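*Asks:* Quick one: the structure is below, questions incoming.
Rule-based calculations on the coordinates, nothing more; no lab input. As the structure is a prediction and not an experimental result, all values here were calculated from the model. With ideal geometry, Cβ positions are generated from the backbone for all residues, glycine too; neighbour counts draw on all protein chains shown.
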Amino acid sequence: MKKNKGKTILTPDDIVNLTEVFATKEEMRQMEENIREEMMTKEVGNKILNAVDSVLGEVKAMREEQVMHVGSHQRIDEKLAEHDKRLKNLEVTTTTHSLKK
């Protein structure tokens, strides 16, 4: 850097050194363009969120159906166990009654 009448003046070498450290306007424009290209737009974001909401709704419905299905199986198993118990009682009663004859 040179001083001219108390003012600091940049030399061509100083300018070259500064462009190695700081981005030029063109480089800044290019970076901005790259960022804009990579950024998600609000419209795309909304489409993604709507798709996720739809899938989440389906998963929730399936989970509720599965819970009801499991409950149904439990009730069937309980009835089957009760029927098995009643049949065994009938078999014992029938066998005991047949032996007395």
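*Asks:* Where does the charge balance sit around MET39 when Lys and Arg score +1, Asp and Glu -1, over other residues with C-beta under 13 Å from its C-beta? Can you show the working numbers first?
*Replies:* Working: positive: ARG36, LYS42; negative: GLU32, GLU33, GLU37, GLU38, GLU43.
Here the charged neighbours net out to -3.
*Asks:* In degrees from 0 to 90, rounded to the nearest 10, what is the angle of the helix 12-21 Cα long axis to the longest principal axis of the chain?
*Replies:* Tilt relative to the chain: about 10 degrees.
*Asks:* For the stretch 1-89, state which trypsin sites (Lys or Arg not before Pro) are in a DSSP loop and have at most 12 other beta carbons lying within 10 Å of their beta carbon.
*Replies:* Numbers: sites: LYS2, LYS3, LYS5, LYS7, LYS25, ARG29, ARG36, LYS42, LYS47, LYS60, ARG63, ARG75, LYS79, LYS85, ARG86, LYS88; in loops: LYS5.
Those satisfying the criteria are LYS5.
*Asks:* Right, next: Using the crude model of +1 on Lys and Arg Cβ and -1 on Asp and Glu Cβ, and no other charge, please compute the dipole size for the chain relative to its Cα centre, in debye to 20.
*Replies:* Details: 18 positive and 19 negative charges, 125 e Å.
Roughly 600 debye for the chain.
*Asks:* Between THR24, THR11, THR41, where does the largest GNM mean-square fluctuation fall for the chain, given springs only between Cα atoms within less than 10 Å?
*Replies:* Fluctuation is largest for THR11.
*Asks:* Going toward the positive end of the dipole of the chain, with +1 on Lys and Arg Cβ and -1 on Asp and Glu Cβ, which of MET28, HIS97, VAL59 do you reach last?
*Replies:* Highest projection toward the positive end goes to HIS97.
*Asks:* Among ALA61, ALA51, ALA81, determine the one that fluctuates most according to a GNM of the chain built with springs between C-alpha atoms less than 10 Å apart.
*Replies:* ALA81
*Asks:* For the chain, take the longest principal axis of its alpha carbons; what is the angle in degrees between that and the long axis of helix 42-100, to the nearest 10 within 0 to 90?
*Replies:* Roughly 20 degrees between the two axes.
*Asks:* Here's a follow-up. With the calculation restricted to Cα positions, what are the radius of gyration and Dmax of the stretch 2-75 in angstrom?
*Replies:* Using the Cα atoms of the stretch 2-75, the pair Rg, Dmax is 30.4, 100 Å.
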